[in-house]
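Heads up: the structure comes next, in structure tokens.
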Amino acid sequence: YLGTSVLTDSESFQDVVVKIERPTYPKPFLGGFKNRVTGVELHNAGSQTIPKKRPDKGIQLFCRETQTVFEKNKQQQTKNTTSTQMTKIGLYVSNVTDKLITPGKYCTAEEYHKRRLEAVIVLQTYFRRWHAINVVQNLREEKRLRLAWEAQEELRRKKEKEEKLRREHERRMNPKTKEDFELLYHALELWRQEETEQINRTLTGAERKAALCGILEQEAKLIASIGRHRLNADEENQQKAILRFLDKCAQPKRWKAFDGKITEMDTQYTLRAKELFELYRSISRNYIPKDERMDVLLTLRRTVKEHECKLTQEIVELIDREVDLMSRQVKECNLEGLRKRICTLFLQYIKTPKFNPEVARILKVPPDPLKLYKNVNFCHSCENYLPSTKFPVRANSRTIGRCRLCCKLDNEARWREAFLKYKLILENLRKSEADYQDDAKIVFLIQHQDLQYMIENIWGCQSALSACSDLYDLVMVRWDKHHEWSPWNTILLTKDEADTHLKLCNLQKVYEAAFIHRIKHKHIRAKNYFAQIPAMASFLHRSDNQAKAN
């Protein structure tokens, strides 16, 4: 709406409201003119009534326009002038270069496509032949590699078996460790049982008693021989243990930086320990020249003279005595006792924290006597007070029984069992669990006696898949690798089977239902056995909650 004033009379105006309707379509151009002076364009005015709207029928309508195409047809023909000439009277045209063209056989479309299909079949035949040759060659190469790998694996297993037998033979011929003597006593018990069984089966009466007495005498001789080997091994092991102890004292301080590099630092105490370690190695050497031995003794004398006490005075007296005897040309075999005494006293000097401060952090016996009263238990067998580390504690133990030494003596005297196989399985299990880095705890609570019970009574000393009974080739791994190892989440397999088992993602698809049910039954038996242990109660509840959540 627009308001405007209209002159009605000569002197009066009236306000009039004018309604303006905006057109919804563009204004048509009806011509006009342009003022040359001002440059204003003036258009001719036109009026147009608003078109009448069609009633809405509720259906969307579309306009369609048609337009005809004007076509013109015009023929075109290019001009090509040709001429022919033939032999005639008075004109000869040679036909040497002429070609004789004869029409061929007419080929229909069906025959043409049939010929193309046959050509395609020939091409496909040759391609498939080439592809088959490549496939066969690849299969042959894979077979060759597989056979070579199997032969290599068989050779490796054979070498490992031979090496294991060689190590066992070496252990029995030259025993050095506690496990070696366990194997010896176990082999002795097996021999005694076989001989006793054969005598009971073949002999009776007085002959049987005489044969059993002979077996007893042979057993006593073998035990005495094993005892002599043990004395020699203990002496050698004791010297090695002393050297390891002194080397550990002389090691520099180490720590790991943020970038992963290891930094080492020698302190005045580690340098002092290193000096004493080198001096002990020199003083304990045998069959060295006399001049070199004299230099070592004088160096030792200057070292111990730094501190005045009864121990150092005795060491100095022994050194002076040896120097005097060496100057008198006494044989070295007569000086062995004196030299051993010097080594023993000097080792006592090294183990004194006053003279070697670095040794204080490694000594098993603390310098403060009050600390001895902590974690000390009484062994009712040998009637000695020993630290708690000297007692083997099983997972289901409720009281502390005999110490390790008494248990070892009882095993050698009565049962003569070898626990090396179970210790190796437990060691491999702990290493594999440590590699997962998921804070596994149960495996470090289990002792080799508990593992022995599981292997013998629950798993039957054989692999769950192949029934292999060689304990040296068996390992325990997780049944479900996504959960922590436990007696109710484990399976006993060979090493190759274990590697394949740990690569599986879905056990339900790989193993049969009967096999899975058998494994679950063994897990239930293990859970019932370890449920009696208070320390396992929290782990049992946690595993049950995980099973319910799954």
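The values are calculated or read from the model by the stated rules, or taken from the named source; none is laboratory data. None of the values given here were measured: they were computed from a predicted structure. Cβ coordinates were reconstructed from backbone atoms using ideal geometry, including for glycine residues, and neighbour counts include every protein chain displayed. Accessible surface is based on the protein model in full, side chains and every heavy atom, while ligands, DNA and RNA are left aside. Shrake-Rupley method; radii C 1.70, N 1.55, O 1.52, S 1.80 Å.
The conditions are (1) open to solvent by less than 100 Å² (accessible area, probe 1.4 Å); (2) at pLDDT 80 or above, and GLY58 fails exactly one of them. Which is it?
(2)
Take the range 399-441 and flag every residue that is touching a residue at least 60 places away in the same chain (Cβ under 8 Å), in a loop (DSSP other than H, G, I, E, B) and closer than 30 Å to TRP479 by Cβ.
Passing the criteria: GLU417, ALA418, PHE419, LYS441.
Among the listed residues VAL135, VAL93, which satisfies the condition of being in contact with a Ser or Thr (Cβ under 8 Å, 6 or more places away or on another chain) and not assigned by the TED database to the domain that holds ASP470?
That would be VAL93, the only listed residue that is in contact with a Ser or Thr (Cβ under 8 Å, 6 or more places away or on another chain) and not assigned by the TED database to the domain that holds ASP470.
When the residues of the range 230-250 are filtered to those that are within 30 Å of ARG172 (Cβ to Cβ) and of a type in the set (Lys, Arg), which remaining residue is most open to solvent (accessible area, probe 1.4 Å)?
ARG244
Between residues in the range 304-322 that are under 13 Å from THR352 (Cβ atoms) and in contact (Cβ under 8 Å) with a residue 40 or more places away in the chain and residues that are open to solvent by less than 10 Å² (accessible area, probe 1.4 Å) and among the aromatic types (Phe, Trp, Tyr), which pairs lie under 9 Å by C-beta distance while being six or more apart or on different chains?
VAL304/PHE346; VAL304/TYR349; HIS307/TYR349; LEU311/TYR349
With (1) open to solvent by less than 80 Å² (accessible area, probe 1.4 Å); (2) under 21 Å from ASP470 (Cβ atoms); (3) free of Cβ contacts under 8 Å to residues at least 24 places away in the same chain as the list, and HIS186 as the residue in question, which single condition is left unmet?
So the condition that HIS186 fails would be (3).
What tally of residues in the range 485-514 results from selecting those that are open to solvent by 60 Å² or more (accessible area, probe 1.4 Å) and closer than 16 Å to ARG157 by Cα?
Of the residues in that region, 3 qualify.
Answer yes or no as to whether HIS523 is surrounded by fewer than 13 Cβ atoms within 10 Å (Cβ to Cβ), more than 30 Å from LEU165 (Cα to Cα) and at pLDDT 85 or above.
In short, no.
Return only the number of the condition from (1) part of a helix (DSSP H, G or I); (2) surrounded by 10 or more Cβ atoms within 10 Å (Cβ to Cβ) that ARG201 does not satisfy.
(2)
Take the range 441-484 and flag every residue that is open to solvent by 30 Å² or more (accessible area, probe 1.4 Å), under 26 Å from GLU160 (Cβ atoms) and among the charged types (D, E, K, R).
GLU456, ASP470, ASP473, LYS481 - these are the residues of the range 441-484 that are open to solvent by 30 Å² or more (accessible area, probe 1.4 Å), under 26 Å from GLU160 (Cβ atoms) and among the charged types (D, E, K, R).
To keep it simple, each residue is scored yes or no on (1) small (Gly, Ala, Ser); (2) under 26 Å from TYR472 (Cα atoms); (3) part of a helix (DSSP H, G or I).
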position	(1), (2), (3)
LEU123	no, no, yes
ARG129	no, no, yes
ASN134	no, no, yes
GLN137	no, no, yes
GLU141	no, no, yes
ALA151	yes, yes, yes
ARG156	no, yes, yes
GLU162	no, yes, yes
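Taking GLU275 as meeting all but one of (1) modelled with pLDDT of 90 or more; (2) over 17 Å from ILE350 (Cα atoms); (3) among the acidic types (Asp, Glu), write down the number of the exception.
(2)
Mind checking whether some residue in the range 406-415 is open to solvent by less than 50 Å² (accessible area, probe 1.4 Å) and among the small types (Gly, Ala, Ser)?
no
Based on this model, can you work out whether GLU427 counts as open to solvent by 60 Å² or more (accessible area, probe 1.4 Å), at pLDDT 90 or above and among the charged types (D, E, K, R)?
It is true that GLU427 is open to solvent by 60 Å² or more (accessible area, probe 1.4 Å), at pLDDT 90 or above and among the charged types (D, E, K, R).
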